[in-house]
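The structure appears below as structure tokens.
The values are calculated or read from the model by the stated rules, or taken from the named source; none is laboratory data. Note that the coordinates shown come from a computational prediction; the quantities given were computed from them, not determined experimentally. Here the Cβ is made from the backbone with ideal geometry for all residues, glycine too, and neighbour counts use every protein chain on show. Each accessible area value is taken on the protein alone, full model and side chains, heavy atoms only, with ligands, DNA and RNA left out. Shrake-Rupley method; radii C 1.70, N 1.55, O 1.52, S 1.80 Å.
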Amino acid sequence: MKIIAVIPARGNSKRILNKNLLKINNQYILKILYQNLKNMNIFQSIVLSTDSIKIKKLAKKIGYDFVIDRPKSLSNDNSTTNAVVTHSIDILKKKIKFTHVCCVYPMAILFKKRDLINAKKIMKGDNEIVFPALKYSHPIQRAFKIKKDSKIEYKLSKKNLSKKTQYFSEYYHDAGQFYLGHVSAWKNYLSSKKKCIKLPLIRAIDVDNYEEFELLKSKFFYIKNKTI
């Protein structure tokens, strides 16, 4: 299994301005991520795909093995991760040999080498993509909508409304960290089989706003000072 890491890092982020140029302790997130991935000794090459001149220059300075120019058609709000990875595969297959691609999001600086090893272990075929998942901290069956008048609207029966939380089934969601799959699975993403490994809450957060970025920093410092 020859694995490359592809980091999609566009420049025109909307919810957090210049999200992929943020720093922790005066270190760029992209540098922290690169060092983490390099130290795992799993990847043949560590690649970054971007439409940003700033990010491109930074990635080259950090030492990324390849920096791919992402076209504008793959840099808008409707662009999919799969399309970006497939574009990277088409460019890289002419330069290097690899069998698998691990797409890693720029803010995924918390997961460990053992998480990737666990993902590799459960991968049984070339048509599978494996990613980490987090358990919902509260039963999603208890979810409700908040209306304009501050009233709430449940979508469950009165019987389930009085049910104790420990009796509800557990549900999980995509942790938004990495996605490991064979080249053919990425090429046929919609028909590929999806599998997941479970991550503890401390080792993942999907950053979409500044509050979540502060949580990422807190988790990063906690892990740095304690073996999880």
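Short-range pairs are left out: with C-alpha atoms under 8 Å and at least six residues apart, the relative contact order of region 148-228 is 23 percent. Applying 0.36 nm per residue to the separation of Lys193 and Asp206 and subtracting their alpha-carbon distance, the gain on full extension is 2.4 nm. For Cys102, Cys196, the ranking by accessible surface with the largest value first comes to Cys196, Cys102, using a 1.4 Å probe. Considering only alpha-carbon pairs that sit under 8 angstrom and 6 or more positions apart, the relative contact order computed for region 51-140 is 14 percent. Rounded to the nearest 5, the antiparallel percentage of DSSP beta bridges internal to the chain is 45%. Spin-label model, Glu214 to Glu128: label points 7 Å out along the Cα-to-beta-carbon direction sit 4.1 nm apart. Among the GluC sites (Glu not before Pro) in region 118-218, those located in a DSSP loop and surrounded by at most 14 other Cβ atoms within 10 Å of their own Cβ are Glu170. A helix-only calculation puts the chain at -9000 deg cm²/dmol for mean residue ellipticity at 222 nm, using -39500 (n - 2.57) for each DSSP H run of at least four residues, averaged over all residues. Taking the convex hull of the alpha carbon positions in region 98-143 and averaging its projected area over all directions gives 5.2 nm².
So how far, in whole Å, is the C-alpha centre of region 1-51 from the one of region 192-228? Between the Cα centre of region 1-51 and that of region 192-228, the gap is 15 Å. Per residue, the accessible area of the chain comes to 58 Å² when a 1.4 Å probe rolls over the protein heavy atoms. Only protein heavy atoms count here; on that basis, with a 1.4 Å probe, Lys198 has an accessible area of about 140 Å². In plain terms, the chain from Lys151 to Asn118 could stretch by 7.5 nm, reckoned as 0.36 nm per residue minus the Cα-Cα distance. In percent, rounded to a whole number, the relative contact order of region 74-220 is 35, using alpha-carbon pairs under 8 Å and six or more apart. Considered as an equivalent ellipsoid built on the Cα gyration tensor, the chain has semi-axes of 32, 21, 19 Å, the largest given first. A simple rule links phi to the HN-Hα coupling: the Karplus curve 6.51 cos²θ - 1.76 cosθ + 1.60 with θ = phi - 60°, which for region 34-42 gives 4, 5, 4, 5, 4, 5, 6, 6, 10 Hz, with x for Gly and Pro. Annotation: amide H of Ser49 within the under-5 Å range of Ile7, Ala9, Ile68, sequence separation 5 or more or interchain, hydrogens built in the peptide plane. Computed over protein heavy atoms with a 1.4 Å probe, the carbon and sulfur contribution to the accessible area of the chain reaches 51%.
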